[in-house]
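Peer 1: Please find one structure pasted underneath; my questions will follow.
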Amino acid sequence: MQNMKILLLGNTGQLGWELERSLASLGQVIATDYPAINLAEPHSILPLLRQVSPQIIVNATAYTAVDRAESEAELAQAVNAHTPGLLAAEAKRLDAVFIHYSTDYVFDGHKGSPYNEDDQPNPLGVYGQSKLAGEHAVLNEGGAALVLRTSWVYSLRRDSFVTKVLSWARQQQTLRLVSDQISGPTWARQLAEITALLLAKAGPDPTGYLAERAGLYHLAGSGCCSRLEWGQEILRLDPHPEEQLTEEILPALTADFPTPAQRPLFSALDCSCFTQTFGLRLPEWQDALRLAMEAL
Ligand SMILES: NC(=O)c1ccc[n+]([C@@H]2O[C@H](COP(=O)([O-])OP(=O)(O)OC[C@H]3O[C@@H](n4cnc5c(N)ncnc54)[C@H](OP(=O)(O)O)[C@@H]3O)[C@@H](O)[C@H]2O)c1
């Protein structure tokens with residue numbers, strides 16, 4: 001594995017930043033991000049692929065502005081679907097592995113129990129639609145590609161639900177958090193680490209190994225919770241509780257906070273297929289959160 005050349009796209013995002021570190025022990029990581037590459041303009045990136053000629057391409061870029069996507073559908077579609085499809089085609093031509101990430105927002109949230117890979121997607125907004133189109137674009141190329149669908153990704157170094165709750169708690173006596181949105185919080189660091197672990201398992205011929213296992217997998221923190229429960233746990237684990245002004249956390253409804261994009265109310269993912277295939281799983285979301293908060 002030592003001489004693997006790994007091209008990482010999107011290394012300043014929540015997940016990409018962690019991937020640059022987790023992938024480092026597998027080989028030479030060539031990392032790049034916007035504006036050096038712009039997935040809205042494929043010609044800014046395809047020559048780089050040919051020049052680097054990596055064995056592994058990991059795409060952590062995405063248009064993730066869920067609400068803004070409602071008015072920027074074309075851009076979301078280009079970044080999340082059209083260009084990933086071109087990248088997957090180029091990866092296949094180079095005989096390289098292509099790893100791509102997708103979202104629980106491809107579902108409408110009506111199922112009421114954790115979604116598996118066979119459940120019918122029905123995105124409620126433009127972001128989810130563009131990510132679903134990206135899944136198809138990548139997988140239709142038929143190479144050694146994995147699409148890892150994840151949910152509620154957070155890191156402590158960029159704006160995320162966790163950093164927002166910590167900051168609100170330092171400004172507001174009463175916090176109102178929605179209790180009717182449920183999914184699985186996923187720590188970006190552990191998602192990066194499990195990506196590296198599965199590539200390590202692939203051994204010296206990652207393309208051969210992953211060609212046999214190519215496809216779509218759900219991969220999120222184990223268990224699920226509402227945003228209210230997540231927020232309560234964040235404040236409980238806050239290493240500096242003396243800085244908190246919040247005296248009460250009240251449940252609210254999604255309908256109380258109208259947003260341009262509709263979000264699925266229940267989008268927890270059943271990740272058993274990933275575990276059966278790769279023998280790996282992400283920890284319970286509370287354990288992950290504790291470890292993440294200890295790193296603060
Ligand atoms: N965040 C979540 O809750 C969540 C949930 C489910 C699935 N996911 C998926 O997980 C993956 C990683 O998400 P994340 O949370 O790490 O996202 P993120 O923090 O928003 O990072 C996305 C990265 O893509 C870059 N990017 C945006 N537009 C680009 C463009 N036109 N060309 C090149 N790069 C561009 C961003 O650069 P700038 O920062 O400069 O814009 C950023 O570095 C994505 O596939 C996402 O859809 C995320």
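Read-outs: derived from the displayed coordinates by stated rules, not from any lab. Only a predicted model underlies this, so the values are computations on that prediction, with no experimental measurement involved. Neighbour counts run over all protein chains shown; Cβ positions are idealised from the backbone, glycine included.
Peer 1: With θ set to phi - 60° and the Karplus curve 6.51 cos²θ - 1.76 cosθ + 1.60, what are the ³J(HN,Hα) couplings of region 30-44 in order, to the nearest whole Hz, using x for Gly and Pro?
Peer 2: Residue by residue, region 30-44 yields 9, 10, 8, 7, 4, x, 4, 10, 9, 5, 6, 10, x, 5, 7 Hz.
Peer 1: Separate question: By a straight-distance test (C-alpha under 25 Å), which lysines pair with residue 164 as possible cross-link partners, with residues fewer than eight away in the same chain excluded?
Peer 2: 131
Peer 1: I need the phi-derived Karplus couplings for region 47-53: 6.51 cos²θ - 1.76 cosθ + 1.60, θ = phi - 60°, integer Hz, Gly and Pro marked x.
Peer 2: Result, ordered by residue: x, 4, 4, 5, 5, 6, 6 Hz.
Peer 1: Hey, another quick one. Rounded if a/c is under 1.5, else prolate if a/b is larger than b/c, else oblate: which is the chain, with a ≥ b ≥ c the root eigenvalues of its Cα gyration tensor?
Peer 2: Prolate, because a/c is 1.5 or more and a/b exceeds b/c.
Peer 1: Around residue 284, what is the net charge, scoring Lys/Arg as +1 and Asp/Glu as -1 over all other residues with Cβ under 12 Å from its Cβ? Display every interim value, and only then the final one.
Peer 2: Working: positive: 281, 290; negative: 233, 287.
Local net charge: 0.
Peer 1: Still on this structure, please answer the following. Quick query: amide H of residue 182 versus all other amide H atoms, modeled in the peptide plane; which residues come in under 5 Å with a sequence gap of 5 or more or a different chain?
Peer 2: Here 266, 267 satisfy the definition.
Peer 1: At residue 197 and residue 41, where each label point lies 7 Å from the Cα along Cα→Cβ, what is the point-to-point distance in nanometres?
Peer 2: That separation, rounded to one decimal, is 4.0 nm.
Peer 1: Could you size up the charge dipole of the chain around its Cα centre, putting +1 on the beta carbon of Lys and Arg and -1 on that of Asp and Glu, and report it in debye to the nearest 20? The partial results should precede the final answer.
Peer 2: Working: 22 positive and 34 negative charges, 125 e Å.
Here the size comes out at about 600 debye.
Peer 1: On full extension of the chain, what length is gained from residue 116 through residue 287, given 0.36 nm per residue of separation minus the C-alpha to C-alpha distance? Kindly include the intermediate steps, with their values, before the conclusion.
Peer 2: Working: separation 171, 0.36 × 171 = 61.56 nm, distance 2.30 nm.
So the chain would gain 59.3 nm between residue 116 and residue 287.
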